[in-house]
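Visitor: This is the structure, below, for whatever I ask next.
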């Protein structure tokens with residue numbers, strides 16, 4: 001069974017076992033809804049049931065049924081929370097999990113020339129920005145917008161783009 005990262009536990013919050021987490025998911029409301037089951041990345045057998053959660057500054061605070069004290073919460077510090085693939089929701093058309101995009105081959109839409117591979121995704125405002133790494137090692141960024149990304153073929157890990165002037169320049 002596949003598991004995917006959803007948050008990293010940063011620290012404890014209060015005395016009752018609540019933890020502060022850094023979100024690694026686009027769906028925090030669903031991932032941390034009461035009753036949701038999560039596991040620890042290094043121990044999939046350790047299942048944790050969310051009893052409550054709420055946004056807190058740029059983080060989230062999460063309480064688990066199995067963690068009722070600051071001492072128990074302290075043992076979770078630095079661990080990564082994961083969700084089983086079968087528990088992930090189906091995405092609407094035109095929306096993708098990062099795993100669907102990462103390591104995809106990027107091709108010029110008009111010429112079919114290979115431009116590189118997607119090696120990182122950053123959320124920097126209204127749209128994601130994809131890092132493309134050429135075979136030479138040169139890296140550049142492209143915005144995930146319809147003017148640039150023309151077609152995504154998830155099954156074959158291929159993305160077709162039309163680059164705007166200056167995106168691929170070597171600086």
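The values are calculated or read from the model by the stated rules, or taken from the named source; none is laboratory data. As the structure is a prediction and not an experimental result, all values here were calculated from the model. Note that we place each Cβ from the backbone using ideal geometry, even for glycine, and neighbour counts take in every protein chain shown.
Visitor: I need the full set of residues from the stretch 5-22 which are surrounded by fewer than 18 Cβ atoms within 10 Å (Cβ to Cβ) and either without any contact (Cβ under 8 Å) to a residue 40 or more places away in the chain or in contact with a helix residue (DSSP H, G or I) (Cβ under 8 Å, 6 or more places away or on another chain) (or both), in order please.
Guide: 14, 15, 16, 22, listed by residue number.
Let's see how each residue does on (1) under 16 Å from the mean Cα position of the chain (by Cα); (2) modelled with pLDDT under 85; (3) in a strand (DSSP E or B):
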position: 86; (1), (2), (3): no, yes, no
position: 90; (1), (2), (3): yes, yes, no
position: 106; (1), (2), (3): no, no, yes
position: 115; (1), (2), (3): no, no, yes
position: 118; (1), (2), (3): yes, no, yes
position: 125; (1), (2), (3): yes, yes, no
position: 147; (1), (2), (3): no, no, no
position: 171; (1), (2), (3): no, yes, no
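Visitor: Criterion first (surrounded by fewer than 17 Cβ atoms within 10 Å (Cβ to Cβ) and either without any contact (Cβ under 8 Å) to a residue 40 or more places away in the chain or more than 19 Å from residue 78 (Cβ to Cβ) (or both)) does residue 41 satisfy it?
Guide: No.
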